[in-house]
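Notes for the one structure printed next.
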Amino acid sequence: MSDWKIRFGTAGTSDSFAAQGYKSSLDVPEYTAKMGLNAFEYQCGRGVRLGLDKAAKMAALAGPKDILFSVHAPYYISMSSLEEEKRLNSIQYLLQSAAVCKALGGRRIIFHSGSCGKQSREAALEKALDTMRRAVEALDEAGFADMTLCPETMGKIGQLGTLDEVLALCGVDKRITPCIDFGHLNARTLGGIRSKEDYAAIFDRMAEKLGDQRAERFHVHFSRIEYSAGGEKRHWTFAETQFGPEPQPLMELLAERKLQPVIICESAGTQAEDAGAMQQMYHAACKT
């Protein structure tokens, strides 16, 4: 896309969506624009239930407002499962998600790649890489070659989804683009993101491993996340400043490096408001 730019939006709708009297997914474009945002990640975590006709109507309403849709695929995808049936089912869930994403006029399908379970991280990653190769073939065969798969960095230590594991999955095909969830990375490293330098190290690693535009136009999930010894515990809002990571240094760095990700806020109930706060931080940083 020649008109590609940084975007800010939400995962699903904030509490203020219903509070402002909105009821239907068809209201999402109007609400998103009203909140000053231009991206929206439709949540299919519990299954792909959005009809293609309704998705197309949402796309028609979103187009004039310059809102870009993405889709979060079902949570029960497991590319690394020891059971082949689960791995093959995961490809079907990605195909269903791709159909909805295309109808929404979007490109990106975000998904969790699975957990290690009773196998080593290396064995889990090998299985996930194999499933990923098959998923790319299946999407191409089904006419979804223009869709972008985005494996997400995960928050629990036992899950597949360190930065390097996600970048390895992106190595399967030049179209696969990372979804960097900074809250998850901070949780799984037990508070490893404390400074602008910590964010910079992540960007440097992406540039080194990807070596192309995907390191500039990646996908972002951001929220403050509470963690325990095993990693991620729960999502909070920007008001709960006792939980990290901090959005400000990230926004400053994005401005300095002129990076253009799609930034999706996953705060618990205040995602539109917090996405707006990040957008303001980013624009302020661009002026300095």
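Observations on the structure shown:
- Using Cβ point charges alone (K and R +1, D and E -1), the dipole size of the chain about the Cα centre works out to roughly 320 debye.
- Cβ-based net charge around residue 288, under 13 Å, with every Lys or Arg adding one and every Asp or Glu removing one: -1
- This model, with +1 at the C-beta of Lys and Arg and -1 at the C-beta of Asp and Glu, gives segment 1-117 a dipole about its Cα centre of some 160 debye.
- Dipole of the chain, positive direction: furthest Cα of 37, 60, 13, with charges on the beta-carbon: 60
- For a straight C-alpha distance cut-off of 16 angstrom, the lysines reachable from residue 127 (same-chain residues fewer than eight places away being disregarded) are 86, 118.
- GNM result for the chain, Cα springs below 10 Å: residue of 265, 44, 150 fluctuating most strongly: 44
- Using a Förster distance of 25 Å, the FRET efficiency for residue 53-residue 174 (Cβ separation, nearest 0.05): 0.15
- From the coordinates shown, Kirkwood radius over Cα pairs in Å corresponds to which of [x] 20.9; [y] 18.9; [z] 21.9: [y]
- Computed lengthening from residue 283 to residue 141, 0.36 nm per intervening residue step minus Cα-Cα distance: 47.0 nm
- Dipole-positive endmost among 185, 109, 24 within the chain (Cβ charges, Cα centre): 24
- For segment 99-199, the dipole from Cβ point charges (+1 on Lys and Arg, -1 on Asp and Glu) about the Cα centre works out to 240 debye, to the nearest 20.
- Take the Cα of residue 260, step 7 Å toward its Cβ, do the same at residue 228, and the gap between the two points is 4.3 nm.
- Globularity ratio of segment 31-111, using Cα Rg and 2.2 N^0.38 Å: 1.19
- Straight-distance crosslink candidates among aspartates and glutamates, where the alpha carbon sits under 12 Å from residue 65 and sequence neighbours closer than 8 are dropped: 30
Bear in mind that the values in this text are calculations on the coordinates, not laboratory data. These figures come from a predicted structure and were not determined experimentally. Glycine gets a Cβ as well: all are built from the backbone with ideal geometry, and neighbour counts include every protein chain shown.
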